[in-house]
Amino acid sequence: MNLPSIKQLQYLLAVHKEQNFNRAAEYCHISQSTLSVAINNLEELVGQQLIERDNRKLMFTSMGELVVEQARMIVDQTNNMMKLIAADGDVMAGDVRLGCIPTIAPFLLPKLAKESRRQYPKLRLRLIEGTTAQLMSQLEKGEIDVAILALPIDTGNFHVMQVGHDRFKLVAHKSLQEKLNNLTDFEEVPDGSLMLMEKEHCLRGHALEACRLSKTDKIHPFEATSLTTLVTMLEDGEGISFLPDMAIESGLLRNTHLVAIDMPFENAERQIGFIWRKTSFRAQCYRKLGLLAESLLTSTLSKTK
């Protein structure tokens with residue numbers, strides 16, 4: 001039985017990613033004619049049409065989508081095999097593409113990168129920052145190897161390793177502290193007073209779950225793109241928010257007039273998880289990195305208990 005080549009599968013994945021033959025050819029650093037011939041040969045080999053195309057657009061057939069899904073796993077496993085060979089069998093050597101969301105990255109990644117260099121000098125972390133949706137998509141497509149995300153989220157068929165709990169605290173201007181110290185129901189806060197991250201950030205949803213708020217009229221129309229921006233807005237003394245301990249412990253509120261108040265609820269927290277593909281050859285490497293992150297988080301967040 002004749003089998004497709006890895007190169008053919010890589011070309012197919014490039015077309016699926018770009019949804020355009022010209023861009024896919026540029027991505028693969030080949031001519032469009034070379035790419036078209038390779039895809040035609042692949043279709044002849046499998047005896048199925050994988051892509052419907054005309055002069056204006058292309059569309060993957062249902063069989064094409066199934067082949068793409070399998071091709072991702074095959075190419076990913078082949079890449080992992082070559083990395084393992086290049087590292088002479090040492091799972092803690094070579095490159096690891098590590099993605100992380102912005103509300104965790106600045107507080108964990110510098111420590112993780114430093115400690116990783118100390119413990120695993122042959123391992124090179126390539127760090128990527130992105131939203132949960134972006135990182136999940138990159139993980140599925142094999143563009144990153146592992147992601148650090150805040151849970152709970154729908155992780156589909158990925159492997160999840162929980163590495164820490166990050167409690168939320170109520171943050172506000174110190175002039176509001178007396179009013180807020182005895183607050184037990186956040187439905188009682190003034191309308192439009194709760195400032196949150198924009199909807200693309202999972203921290204928004206996790207914060208709303210933490211405060212058990214159901215009335216959307218309590219939410220301020222402003223949506224912050226970063227924690228730094230959110231803190232700056234809170235400095236005006238007009239609103240409140242919920243920030244994770246790891247951000248507070250890093251000094252995010254230093255040199256401000258803001259105070260952090262313990263939440264009145266248990267389980268007002270988010271979980272931190274390492275996520276990777278179940279098909280990955282390098283699961284042992286990701287587990288060791290996860291354990292390293294867990295020790296760093298335990299050291300940092302234990303100060304807040």
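Among the residues of the stretch 181-228, how many are over 25 Å from residue 100 (Cα atoms), of a type outside the set (D, E, K, R) and at pLDDT below 80?
Going residue by residue through the stretch 181-228, those that are over 25 Å from residue 100 (Cα atoms) are 181-194, 212-221.
Next, only the ones that are of a type outside the set (D, E, K, R) stay: 181-184, 186, 189-190, 192-194, 213-214, 216, 219-221.
Narrowing further to those that are at pLDDT below 80: 181-184, 186, 189-190, 192, 213-214, 216.
Counting residues in the stretch 181-228 that are over 25 Å from residue 100 (Cα atoms), of a type outside the set (D, E, K, R) and at pLDDT below 80 gives 11.
When the residues of the stretch 102-155 are narrowed to those that are part of a helix (DSSP H, G or I) and among the charged types (D, E, K, R), which ends up nearest to the chain's Cα centre (by Cα)? Step through it out loud before you land on a result.
Going residue by residue through the stretch 102-155, those that are part of a helix (DSSP H, G or I) are 105-119, 132-141.
In the following step, the residues that additionally are among the charged types (D, E, K, R) were identified as 111, 114-115, 117-118, 140-141.
Values: 111: 18, 114: 20, 115: 21, 117: 22, 118: 25, 140: 11, 141: 13 Å.
Once the filter is applied, the top-ranked residue is 140.
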**Asked** Can you name the residue in the stretch 251-291 that is modelled with pLDDT of 90 or more and of a type in the set (Gly, Ala, Ser) and is also farthest from residue 100 (Cα to Cα) among such residues?
**Response** 260
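Condition first: part of a helix (DSSP H, G or I), modelled with pLDDT under 95 and in contact with a strand residue (DSSP E or B) (Cβ under 7 Å, 6 or more places away or on another chain). Can you find one or more residues in the stretch 82-90 that meet it?
Keep residues of the stretch 82-90 that are part of a helix (DSSP H, G or I), which gives 82-86.
In the following step, the residues that additionally are modelled with pLDDT under 95 were identified as 82-86.
With in contact with a strand residue (DSSP E or B) (Cβ under 7 Å, 6 or more places away or on another chain) added as a condition, the list becomes 83, 86.
Yes, the stretch 82-90 contains at least one residue that is part of a helix (DSSP H, G or I), modelled with pLDDT under 95 and in contact with a strand residue (DSSP E or B) (Cβ under 7 Å, 6 or more places away or on another chain).
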**Set 37, 75, 46: member being under 26 Å from the mean Cα position of the chain (by Cα) and of a type in the set (Val, Ile, Thr)** = 75
**Fill in**
Listed by range, strands (runs of 3 or more DSSP E) wholly within the stretch 201-265 having at least 3 residues that are of a type outside the set (Phe, Trp, Tyr), assigned by TED's automatic domain parsing to the domain that holds residue 187 and within 24 Å of residue 294 (Cα to Cα) are none
**Message:** Considering only the stretch 46-61, I want to know if a residue exists there that is without any contact (Cβ under 8 Å) to a residue 24 or more places away in the chain, loosely packed, with under 13 Cβ neighbours inside 10 Å, part of a helix (DSSP H, G or I) and at negative phi.
**Reply:** no
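The values are calculated or read from the model by the stated rules, or taken from the named source; none is laboratory data. Predicted, not measured: the structure shown is a model, and the values here were computed from it. FYI the Cβ positions are ideal-geometry reconstructions off the backbone, even for glycines, and counts take in every protein chain you see.
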